[in-house]
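**Q** Quick one: structure below, then a few questions.
The values are calculated or read from the model by the stated rules, or taken from the named source; none is laboratory data. No experiment lies behind these values; they were computed from the predicted model shown. Here the Cβ positions follow ideal geometry from the backbone for every residue, glycine too, while neighbour counts run over all protein chains shown. The accessibility values were calculated without ligands, DNA or RNA, using every heavy atom of the protein model including side chains. Shrake-Rupley method; radii C 1.70, N 1.55, O 1.52, S 1.80 Å.
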Amino acid sequence: KNIFKTKSHLFFNDFQGGVYTIEGDDMTLFEDFKEINSELVNVFEIAQDDYVFVFKNGQIWSKKGAIIKNVANLKSIVINAAIFDQSKEFVIGTNQNGIYILDNQFKRKKTIIDTDGLRSNYVKGLYEDAQENLWAIGDKEIHNIKQNDVVHYIKESKNQGQSHGFLLNKNIFLNATNQGLFSTDTRSKNSR
């Protein structure tokens, strides 16, 4: 269903909850999450033999060596995206609750929502650039959140369709939508 790359593994998951690793032509069952009954959003390799699995239904699991446990259950939220940022915090993009920032103990440190400057509490994608700024993608908008938590509204893609993927290359923000590929120069306020 999805493929995830960490420092030392390439993971994929199937529709039944199995998470596998791929090495060459071989695949091995890494962990079975059948009981979770949710889509895997991302996998993070924190250290050697230390992994974190984030699921769409708000559950976060860790696997250290052979020990696997539920480390967080964010009730009543749907997770669309998750990243592990450079300051060792988990950043979670949700379906209706904005952005959650969790510390390395999975405790909520901060929430960024529409009253903080997001146009919508729906966040479908997250990205951190080299300067540790956070980029949040909604259905039709892009936000840049500076280190001091100032939210900058970049652009609403009125006729560009729904965003499905994005990439920041130097100062050019590329947005892949169901209507094509669009670019925005982030240095210019009048960029089209």
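**Q** Go through (1) hydrophobic (A, V, I, L, M, F, W, C); (2) surrounded by 15 or more Cβ atoms within 10 Å (Cβ to Cβ); (3) touching a Gly at 6+ places or on another chain (Cβ under 8 Å); (4) over 27 Å from L174 (Cβ atoms) one by one and return the number of the condition F106 breaks.
**A** (3)
**Q** Of everything in region 57-70, what is surrounded by fewer than 17 Cβ atoms within 10 Å (Cβ to Cβ) and not polar (S, T, N, Q)? Give them in sequence order.
**A** K64, G65, A66, I67, I68, K69
**Q** S38 passes all but one of (1) part of a loop (DSSP other than H, G, I, E, B); (2) crowded, with 17+ Cβ neighbours inside 10 Å; which number fails?
**A** (2)
**Q** Being of a type in the set (A, V, I, L, M) and either modelled with pLDDT of 90 or more or within 19 Å of A47 (Cα to Cα) (or both) is the filter here; which residues of region 1-21 pass it?
**A** L10, V19
**Q** With respect to I92, is the statement that it is free of Cβ contacts under 8 Å to residues at least 40 places away in the same chain, assigned to a strand (DSSP E or B) and open to solvent by less than 10 Å² (accessible area, probe 1.4 Å) true?
**A** So I92 fits the description; yes.
**Q** For N57, indicate whether it is closer than 18 Å to A82 by Cα and outside any strand (DSSP E or B).
**A** Taking the combined requirement at face value, the residue satisfies it.
**Q** Would you kindly identify the strands (runs of 3 or more DSSP E) lying entirely within region 138-192 that contain at least 3 residues that are at pLDDT 75 or above and more than 27 Å from T115 (Cβ to Cβ)?
**A** Numbers: elements: 141-145, 151-156, 163-169, 172-177, 180-185.
Here the list reads 172-177, 180-185.
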